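For reference, the structure is listed below as structure tokens.
Computed from the coordinates by the stated procedures, all read-outs in this text should not be read as laboratory data. Because the structure is a prediction, the values reported are computed rather than measured. Please note: Cβ atoms are built from the backbone with ideal geometry, for glycine as well, and neighbour counts cover all protein chains shown.
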């Protein structure tokens, strides 16, 4: 039988390995911080140059104006208009019965709901136009030359 040879494997020095690993771990936060810092600066520059803050404020105010105008239309404008057109529930109550379905139920066309939403859209668009035009917000977004 052949004799087996013993391999000489040198064991690594644990202290040397630990020092190398600790140096790499200590350097990692510095590298991450420098990369993160440049990313944050770039993000802040993007926000400043692209007007993201103004866009956010506009969205919030637009939502508030939309709610206010919708309330004005639903509670002030539509009830008198509905009474003039012959509907006790405002413009939303306007409908036409077109006939009977196969199940014996009436087929109703509720055109008042569409009319109400259309008037809402027109008034909201008019209010937004007037705000932008009167406060001269349309001049804020001129491109730099």
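Here are the numbers for this structure:
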| item | result |
| --- | --- |
| Burial ranking of peptide ranges 47-53, 119-125, 100-106 (average Cβ count within 10 Å, highest at the top) | 119-125, 47-53, 100-106 |
| Backbone N under 13 Å from the residue 113 label point (7 Å along Cα→Cβ), restricted to the stretch 68-92 | 92 |
| The stretch 70-139 - percent relative contact order, Cα under 8 Å, separation 6 or more | 21 percent |
| Gyration tensor verdict on the stretch 51-138 (Cα atoms; rounded if a/c is under 1.5, prolate if a/b is larger than b/c, oblate otherwise) | prolate |
| Fully extended contour minus Cα-Cα distance, from residue 64 to residue 123, at 0.36 nm per residue | 19.8 nm |
